[in-house]
1. Answer yes or no: is there a residue in the range 81-88 that is among the acidic types (Asp, Glu) and out of contact with any Ser or Thr (no Cβ under 7 Å at 6 or more places or on another chain).
2. In the range 87-106, is there at least one residue being among the β-branched types (Val, Ile, Thr), free of Cβ contacts under 8 Å to residues at least 60 places away in the same chain and either part of a helix (DSSP H, G or I) or buried (at least 20 other Cβ atoms within 10 Å of the Cβ) (or both)?
3. Give the range 184-239 a look and list any residue that's within 28 Å of residue 122 (Cβ to Cβ), surrounded by 21 or more Cβ atoms within 10 Å (Cβ to Cβ) and touching a residue at least 60 places away in the same chain (Cβ under 8 Å), or say none.
4. Kindly indicate whether any position in the range 127-138 is under 30 Å from residue 62 (Cα atoms), without any contact (Cβ under 8 Å) to a residue 40 or more places away in the chain, surrounded by fewer than 14 Cβ atoms within 10 Å (Cβ to Cβ) and not hydroxyl-bearing (Ser, Thr, Tyr).
5. Mind checking whether some residue in the range 51-61 is more than 22 Å from residue 131 (Cβ to Cβ) and either surrounded by fewer than 13 Cβ atoms within 10 Å (Cβ to Cβ) or touching a residue at least 60 places away in the same chain (Cβ under 8 Å) (or both)?
6. Looking only at the range 204-226, which residues are farther than 21 Å from residue 180 by Cα and among the acidic types (Asp, Glu)?
7. Looking at the range 64-76, which of its residues are part of a loop (DSSP other than H, G, I, E, B) and more than 19 Å from residue 179 (Cβ to Cβ)?
Amino acid sequence: MSETPDLSAKIRQWLISGYVGVAFTAAMLFIPAWRLDWVMGWVYVALWLLWHTATALVLIPTDPELIAERTGPKKGIKDWDTMLISVVGLATLAQGVVAGLDVRFGWTRQLWPQVRPEVVLVPQIVASVVATAGRALGVWAMAANSFFSKVVRIQRDRGQTVVTGGPYRTVRHPGYVGEIIFNLSAPVMLGSVWTCIPTTIVLVLYVVRTALEDRTLREELEGYAAYARSVRYRLLPGVW
């Protein structure tokens with residue numbers, strides 16, 4: 001697929017901003033921790049790096065227009081979504097800062113001083129695998145949905161239609177499922193009980209955003225109400 005100069009520029013912008021974001025994520029972990037020999041911190045950063053790289057490898061050759069959609073402000077963004085994504089972003093940064101401070105000052109270790117590090121390593125490894133699965137689900141959702149925007153808006157300028165393939169056969173918002181899985185894994189992976197506080201905020205806001213986005217799609221996107229009757233669950237099959 002040929003790319004216009006404007007599209008190529010947007011792809012470069014998206015690539016650079018993503019990798020800068022990974023570096024910023026690392027800074028938010030390791031500056032508060034004030035140490036670089038934190039293995040699980042590097043694993044966490046590696047998962048962010050892997051996610052952005054995998055997304056690039058999947059979307060650039062197959063759906064570069066989606067990358068363009070995911071760069072810069074767009075018309076039709078819901079006011080409530082602007083507020084939600086801002087708070088989610090701050091809470092996500094807080095995860096790294098709290099985890100880093102926890103490593104530096106040993107807050108979680110002080111709660112359970114009798115637990116040996118090698119015992120903690122097993123759930124951390126499991127959590128890392130689960131987090132990777134969450135990221136993989138997110139990439140799959142983007143590959144299946146050419147309208148997978150970063151913001152909630154009806155993309156009439158792009159001729160948005162209802163997507164029913166891939167993971168959308170099972171749940172209506174698989175991208176959020178992937179994010180929830182990743183964030184649920186983060187406190188265990190980072191070995192920080194106190195990281196559960198900002199993580200809980202992130203999880204609650206994702207559920208709220210899912211509900212509001214689903215309502216918007218029902219009301220404004222032709223065919224979505226019928227799709228919702230066919231695929232009953234928003235996030236968790238059998239529950240909601």
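None of the figures in this text is laboratory data; all of them are computed from the coordinates on show. Quick caveat: nothing in here was measured; it's all calculated off a predicted structure. So basically every Cβ, Gly included, is an ideal-geometry build from the backbone, and we count neighbours across all protein chains shown.
1. Yes: the range 81-88 contains one or more residues that are among the acidic types (Asp, Glu) and out of contact with any Ser or Thr (no Cβ under 7 Å at 6 or more places or on another chain).
2. no
3. Once the filter is applied, which keeps residues that are within 28 Å of residue 122 (Cβ to Cβ), surrounded by 21 or more Cβ atoms within 10 Å (Cβ to Cβ) and touching a residue at least 60 places away in the same chain (Cβ under 8 Å), the range 184-239 yields 186, 187, 188, 189, 190, 191, 192, 195, 198, 199, 202.
4. yes
5. Yes, the conditions are met somewhere in the range 51-61.
6. 219, 220, 222
7. If the condition is that a residue be part of a loop (DSSP other than H, G, I, E, B) and more than 19 Å from residue 179 (Cβ to Cβ), then 71, 72, 73, 74, 75, 76 are the ones that fit.
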